[in-house]
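One structure is given here, and the rest of the page talks about it.
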Amino acid sequence: MANRLANATSPYLLQHAENPVDWWEWGPEAFEEARRRDAPILLSVGYAACHWCHVMAHESFEDDATAALMNEHFVSIKVDREERPDVDAVYMNATTAMTGHGGWPMTVVLDHDARPFFAGTYFPDQPRHGQPAFRQILAAVSEAWRDRGDEVQRVAERLGDHLSQPLAAAAAPIGRETLDTAVDLLAREFDAERGGFGGAPKFPPSMVLEFLLREGSERARAMAAQTLEAMARGGIHDQLGGGFARYSVDADWVVPHFEKMLYDNALLLRVYAEWAARCDSAEGVWAAEGIADFLLGELRTPEGGFASALDADSEGAEGTYYVWTPAQLTSVLGPDDGAWAARWLGVTEAGTFENGTSTLQLREDPDDLDRWFDVQRRLREARAARPRPARDDKVVAAWNGLAISGLCRAGTLLGQPAYVEAAVAAGELLWDRHLVDGRLRRVSRDGVVGSPAGVLEDHGCVAAGFLDLLQATGDAAWLERARVVLDAALEHFAADDGGFFDTADDAEALVARPRDPSDNASPSGLSAMVHALADYAALTGSGRHRDAAEAALATVAPIAERAPRFAGWSLAAAVSMLDGPEEVAVVGPPGPDRDALEAAARRRPGAVVLVADGPRDDVPLLVGREPVDGRPAAYVCRRLVCERPVTDPALL
């Protein structure tokens, strides 16, 4: 047995380095070994913070008998979906096509040409609820490979043909009618009692909420506000340490799936900060600052980047770090404060989670805020002594780009320069370590860049983050850096119909070239690119980048019209691009007058904003922008054509 994962950069792969399974990393060597042995490939895909991945690992991959079956009959490959989203995307399409559903861990069996012929997700170690045991699956698939090879090849050929069919994109501009239709459809799915959309499980719909806030109608803003407040007050929100869990297993936001992902929190930081600024929401300030403190306190790496996730599990069980009993509250706080905290935080003897424990909720503001802040601090300090969830400390380019954008928006909107400073450090890490020979790499760990190439979402999110750094700092170096990333994406990812592929034209060839314009847990590569291209065009006047943004956005129209919950980020871009985005240059000597103009400018939905002492030649939006009679002035422009400058924040 020769497990080959000990030198992997992925924390998820390293979790399996001591398994008795003879794991390989994804690569040609594994497929050569499969051909040499005439064995099928067993592909197992997951990620470090995945609860059910841990369960299957403990039940099966750490079991000597199961490992012996795998080693005898298969060549087994372990893939971190966060490191290789291209591999994950191709075989998740196959899994949903074969089974009608997907998820992780994902288990797929391939032939020697990487074509799938069997797929599933989690398989238990014993038969359960009508589902066969994993060892039964292994035996049946091995028997089919050995005795029914012709049938296996027919299935693999059909699935390979299905996966390689090109995406048919019916391009059409997204106009006001499409935006109105999207709001109508979202209103039908809106949970008017609990906030959010649809039923359980409920995921934070951060990109849809961004769209609704930008769209700006009364009903759109009401849906956004109710959802943002419900999430902030629910158990999905860490009421002690800030930040949000991956999703709620119930419709009331009470019990989360406890893993805390960087991409969720980066997106939520942005939308909570914008809700706070545009709607004067105290809950928005509280939630946004808590998220930022969580990012800086728990996910920041020594190199200045942000780790991918915190695990759901500690002490061998899910959620133990986060849940409480009334007795535990009393032990930390004493009987009076313990009972008071239990009442306000929804901690009961019966419990809202498992084994008499409760998640913490804050459905109303406590009647004594000073007492609450003291209780919160003492509980947070006591919790810190518990065994902590593991941290997946790899730095993913796309998600760090999202974090940079969120920190820049929160820092400028909420007057928190430390957030912008952290964003600058993360941006420098991406530029210094993740750009290799002019091309973006997806991951690094401990400052060492990994080999996986950047995919489309990396280019879009990183470029957008760099442009947000330009707007937050005024440093024109970020404009040039964004151009480098965007031009590489335009050269290597563009499709003939105006859209984009998710992998580069010179990337490793898989059984299909993935292409998915729909948003999921994080923005699609296409929607991220639309935002970055549109903002770059607004800042520079580049018609080429504007044309590319419009062409790409048009390919999302069918999704936006029929399933807007999966096009929120594209719809948010469409609102801004409908008559803009607005370009606001605030120029003049520093001081309260300029600060007031800047604050008013940054509250404008979807606008790009630059602040400078006077005209500058290194950013086109600032060329020729002069103060008015020595006073700070704001220029509101579209495609670099500006209205008369104003000096009064109320007029702006």
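Counting only residues that are outside any helix (DSSP H, G or I) and touching a strand residue (DSSP E or B) at 6+ places or on another chain (Cβ under 8 Å), region 123-157 holds 2 of them. Residues that are in a loop (DSSP other than H, G, I, E, B) and under 29 Å from the mean Cα position of the chain (by Cα) within region 344-356 comprise 352, 353, 354, listed in sequence order. In region 452-509, which residues are among the hydrophobic types (A, V, I, L, M, F, W, C), more than 23 Å from the chain's Cα centre (by Cα) and closer than 15 Å to residue 405 by Cα? Hit for region 452-509 is 479, nothing else.
Looking only at residues of region 616-626 that are open to solvent by 40 Å² or more (accessible area, probe 1.4 Å) and in a loop (DSSP other than H, G, I, E, B), we find that the one that is nearest to residue 536 (Cα to Cα) is 618.
Residue 398 satisfies every condition listed in (1) open to solvent by less than 60 Å² (accessible area, probe 1.4 Å); (2) in contact (Cβ under 8 Å) with a residue 60 or more places away in the chain; (3) under 23 Å from residue 314 (Cα atoms); (4) outside any loop (DSSP other than H, G, I, E, B) except (3). Can you tell me which residues in region 601-615 are open to solvent by less than 40 Å² (accessible area, probe 1.4 Å) and not small (Gly, Ala, Ser)? Matches in region 601-615: 602, 608, 609, 610, 611.
Just one of (1) part of a loop (DSSP other than H, G, I, E, B); (2) open to solvent by 30 Å² or more (accessible area, probe 1.4 Å); (3) of a type in the set (Asp, Glu) fails for residue 519. It is (2). For the criterion of being open to solvent by 50 Å² or more (accessible area, probe 1.4 Å), among the basic types (Lys, Arg) and closer than 27 Å to residue 210 by Cβ, residue 638 passes.
Those helices (runs of 4 or more DSSP H) of region 218-310 in which 3 or more residues are in contact with a Gly (Cβ under 6 Å, 6 or more places away or on another chain) and open to solvent by less than 20 Å² (accessible area, probe 1.4 Å) occupy 262-279, 282-294.
The single condition among (1) assigned to a helix (DSSP H, G or I); (2) farther than 25 Å from residue 513 by Cβ; (3) within 23 Å of the chain's Cα centre (by Cα); (4) of a type outside the set (Ser, Thr, Tyr) that residue 207 does not meet is (2).
Here residue 92 qualifies as within 20 Å of residue 49 (Cα to Cα) and outside any strand (DSSP E or B). Which residues, counting only those in region 429-444, are open to solvent by less than 60 Å² (accessible area, probe 1.4 Å) and of a type outside the set (Gly, Ala, Ser)? Of everything in region 429-444, those that are open to solvent by less than 60 Å² (accessible area, probe 1.4 Å) and of a type outside the set (Gly, Ala, Ser) turn out to be 429, 430, 434, 435, 436, 440, 442, 443. All conditions but one from (1) open to solvent by less than 60 Å² (accessible area, probe 1.4 Å); (2) modelled with pLDDT under 95 apply to residue 165; the one that does not is (1).
Inspect region 497-504 for any residue being surrounded by fewer than 21 Cβ atoms within 10 Å (Cβ to Cβ) and either touching a helix residue (DSSP H, G or I) at 6+ places or on another chain (Cβ under 7 Å) or among the small types (Gly, Ala, Ser) (or both) and give the result as yes or no. Checked region 497-504: at least one residue is surrounded by fewer than 21 Cβ atoms within 10 Å (Cβ to Cβ) and either touching a helix residue (DSSP H, G or I) at 6+ places or on another chain (Cβ under 7 Å) or among the small types (Gly, Ala, Ser) (or both). Being open to solvent by 30 Å² or more (accessible area, probe 1.4 Å) and in contact with a Pro (Cβ under 9 Å, 6 or more places away or on another chain) holds for only one residue in 565, 483, and it is 565. For residue 384, the conditions (1) without any contact (Cβ under 8 Å) to a residue 12 or more places away in the chain; (2) open to solvent by less than 10 Å² (accessible area, probe 1.4 Å) are fulfilled apart from (2). Of the candidates 17, 57, the single residue that is touching a helix residue (DSSP H, G or I) at 6+ places or on another chain (Cβ under 9 Å) and not in a strand (DSSP E or B) is 57. Please verify whether region 45-60 includes one or more residues that are touching a Cys at 6+ places or on another chain (Cβ under 8 Å), closer than 24 Å to residue 33 by Cα and not acidic (Asp, Glu). Looking through region 45-60, at least one residue is touching a Cys at 6+ places or on another chain (Cβ under 8 Å), closer than 24 Å to residue 33 by Cα and not acidic (Asp, Glu).
The values are calculated or read from the model by the stated rules, or taken from the named source; none is laboratory data. Keep in mind that what you see is a predicted model, and the values were worked out from it rather than measured. Here Cβ is always computed from backbone atoms with ideal geometry, including for glycine, and neighbour counts include all displayed protein chains. The protein model used for the area step is the full one, side chains on, heavy atoms only, and it has no ligands, DNA or RNA in it. Shrake-Rupley method; radii C 1.70, N 1.55, O 1.52, S 1.80 Å.
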